[in-house]
Each structure stands twice: as C-alpha cells, then as structure tokens.
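This report concerns only the one structure given below.
The values are calculated or read from the model by the stated rules, or taken from the named source; none is laboratory data. Bear in mind the structure is a predicted one, so any value in this text is a computation, not a measurement. Don't worry about glycine lacking a Cβ; one is built from the backbone with ideal geometry, like all the others, and counts go over all protein chains shown.
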Amino acid sequence: MTVEALHCVPGSLLGRAASGDVTAFGELAGIWASNTAAGKVNYAEGIVATGFWQRLASATGDGNALLELAEVLLAHGTFAARHDREARAIWLGAEAIRRLEQSADVGVEAAVARLVQVGPLLRPESLLVANQWREDPIASELSDFDRVFRDAAGGSVAAVSEIYQNALADVEQENIGVLEGLVLLEATARLGAASGDLDSACRLGKVLIRRASFDRSCGVDDPACTREGECLSILTSLAAADSDEAVSLLAQAVEEFLPRASILSAIADGRILASLPPKGNC
C-alpha cells in the first residue's frame with residue numbers, strides 16, 4: 001500500500017477523503033482493490049479495506065459505485081463462506097443483492113443483468129434477508145448503516161467515530177473476525193485522524209498497537225515494524241500536546257515494542273523518553 005493511501009498527510013488522498021471528497025473514496029478503494037489483486041496485500045485485509053472505502057464512495061447513491069460495492073460484497077461473502085463464517089456470508093450476500101437492486105433502480109443496466117446472474121447462486125437465507133430489507137427499508141438494519149456512512153462520506157467526524165465504535169462492538173461480540181475488525185478500526189481511525197480530530201488520532205495509535213501485535217503473532221514482521229514506528233510517532237506528538245491518554249498509550253507501546261530494534265531510532269531523538277511518565281527511583 002502506498003504511503004499516500006495510508007498516512008494522514010495534509011493534501012494527501014486520505015486528507016481529501018476526510019474533507020468529504022467522494023472521488024477520493026473511490027480512488028482509495030481502487031488502490032486497495034488493485035493491490036489485493038496483485039497480491040501486494042493479504043487478501044482478507046484487502047477485501048475488507050476495499051469494501052470500507054467503496055461503501056463511502058457509494059454513500060451518495062451513485063449507481064456505478066453501488067454496482068462496484070456489490071461486487072466487493074459478493075467476493076467478501078464467498079471468502080467468508082470458505083472460512084466457515086456463515087452468518088457473515090449470509091449478511092454480505094443479502095447486502096450485495098440490495099446494492100445491486102439500488103444500482104438497478106437508478107438505471108444501471110449492468111446491475112439488472114448481474115442480479116439475474118447471482119440470484120440463483122446465493123444462499124436462500126441471503127435472499128430472505130434481502131427481501132425483508134426491501135419490504136421495510138426504513139426499519140431494516142441497513143437504514144442506520146447507510147445513514148452513518150452517508151454522514152461520514154460528507155465529512156462528519158461524529159459519524160466516523162460512530163463507525164469506529166460499531167466496528168469495535170462487532171469485534172467484541174464476535175460478529176466479525178479479528179482481522180476484519182482491525183482493518184475497519186484502522187481505516188476508520190485514519191479517516192478521522194486525517195480530519196485533524198485528536199480523539200481519532202489517539203484511537204489510531206491504540207489500534208496500531210493492537211494491529212502490530214496481531215501481525216507479529218501471525219509472523220508478519222515487516223508491516224508490524226512499520227505500524228510500530230508510526231504508532232510511536234503519533235503518540236509522541238499527542239503526548240507532547242498534553243494528551244493524558246496518549247501518554248498512557250505511549251508507555252504501553254514502548255513497553256511492548258522496546259525489545260525490538262524498530263523503535264531504537266525513534267527513541268534516539270529523546271521526544272519519546274521525555275513524554276513518558278517516570279518509573280521507579282531513577
């Protein structure tokens with residue numbers, strides 16, 4: 001993944017997205033989709049990240065963006081089913097149908113053809129759920145889902161925070177897998193941090209600690225090292241701005257990362273050590 005797509009740099013692609021630039025969401029989804037197809041990122045991570053950005057790209061109701069979202073959902077649903085996450089596969093299949101129907105409703109002919117193709121291939125449970133959503137769209141689970149993503153796509157920091165909290169709850173309740181949850185939490189925190197929201201930046205530091213630990217447990221050391229370095233940089237800046245939570249998180253991060261060479265250069269400038277609370281009698 002490119003630096004521009006990941007990091008919160010003013011004027012970057014992520015910065016444009018945070019300001020509500022809908023085209024930036026589509027570009028971010030395209031970057032993740034291309035890198036996933038090329039094998040540059042883990043497929044499980046890539047399909048989730050692509051779906052997250054494509055949801056935001058389609059939040060305004062653009063028919064072509066909805067069609068692209070449906071294709072990502074279908075691929076994600078197939079992947080979930082292959083890894084014995086049946087409930088997740090049913091939800092994704094149902095949502096894919098609704099997105100295709102929404103796309104067809106605004107005149108995208110390819111969506112009509114795709115509905116004919118995929119309908120017979122999906123689980124009966126997905127068809128049933130999609131039908132329930134269609135009959136009562138206001139009361140459906142998708143209604144709140146769509147609202148928060150629409151608000152987030154418009155630049156609402158509060159909506160981005162709501163997506164983060166929803167993803168956190170889904171992880172804790174095991175509605176989604178750990179990796180899927182971490183990808184969503186990281187992407188959401190990056191989007192909020194790119195808007196300049198300090199709470200989101202602190203959340204990003206917290207997620208990066210968890211994600212680096214997860215990566216290392218899977219034997220994926222290089223991405224973990226990159227996330228550790230970024231985490232330290234973010235938390236050090238926040239701690240210097242008198243964020244008590246950042247100081248606490250920084251101490252946690254240093255304790256977890258310290259045995260590795262990845263943080264030695266970061267500590268060398270003295271900012272991290274100066275931001276840490278004293279320990280012991282030294």
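Overview of values
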quantity: In segment 91-139, residue nearest to GLU68 (Cα to Cα) [restricted to those that are part of a helix (DSSP H, G or I) and basic (Lys, Arg)]; calculated: ARG99
quantity: Those residues of segment 58-75 which are crowded, with 23+ Cβ neighbours inside 10 Å and either assigned to a helix (DSSP H, G or I) or on the phi > 0 side of the Ramachandran plot (or both), in sequence order; calculated: ALA65, LEU66, LEU69, ALA70, VAL72, LEU73
quantity: Residue identified as modelled with pLDDT under 95, under 21 Å from ASP151 (Cβ atoms) and crowded, with 17+ Cβ neighbours inside 10 Å among ARG16, ARG55, ARG88; calculated: ARG16
quantity: Condition met for ALA49 (of a type outside the set (Asp, Glu) and either at pLDDT 95 or above or in contact with a strand residue (DSSP E or B) (Cβ under 6 Å, 6 or more places away or on another chain) (or both)); calculated: yes
quantity: Contacts under 8 angstrom Cβ, first residue in segment 139-152 being closer than 15 Å to GLY51 by Cβ, partner basic (Lys, Arg) and assigned to a helix (DSSP H, G or I), 6 or more apart; calculated: LEU142/ARG98; PHE149/ARG55
quantity: Residue within segment 102-113 that is over 16 Å from the mean Cα position of the chain (by Cα) and closer than 21 Å to GLN173 by Cα present; calculated: no
quantity: Whichever residue in segment 206-231 is out of contact with any Lys or Arg (no Cβ under 7 Å at 6 or more places or on another chain), among the aliphatic types (A, V, I, L, M) and modelled with pLDDT of 90 or more and, among such residues, is surrounded by the fewest Cβ atoms within 10 Å (Cβ to Cβ); calculated: ILE209
quantity: Residue match in segment 195-204 (condition: basic (Lys, Arg) and either touching a residue at least 60 places away in the same chain (Cβ under 8 Å) or assigned by TED's automatic domain parsing to the domain that holds PHE149 (or both)); calculated: no
quantity: Segment 167-177: number of residues that are more than 15 Å from ILE47 (Cβ to Cβ) and out of contact with any Asp or Glu (no Cβ under 9 Å at 6 or more places or on another chain); calculated: 6
quantity: ILE31 part of a helix (DSSP H, G or I), within 15 Å of the chain's Cα centre (by Cα) and farther than 23 Å from ARG88 by Cβ; calculated: yes
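Quick grid of which residues meet (1) farther than 22 Å from ALA80 by Cα; (2) not β-branched (Val, Ile, Thr):
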position: ALA153; (1), (2): yes, yes
position: ASN175; (1), (2): no, yes
position: ALA201; (1), (2): yes, yes
position: LEU204; (1), (2): yes, yes
position: ARG210; (1), (2): yes, yes
position: SER217; (1), (2): no, yes
position: VAL247; (1), (2): yes, no
position: LEU250; (1), (2): yes, yes
position: GLU256; (1), (2): yes, yes
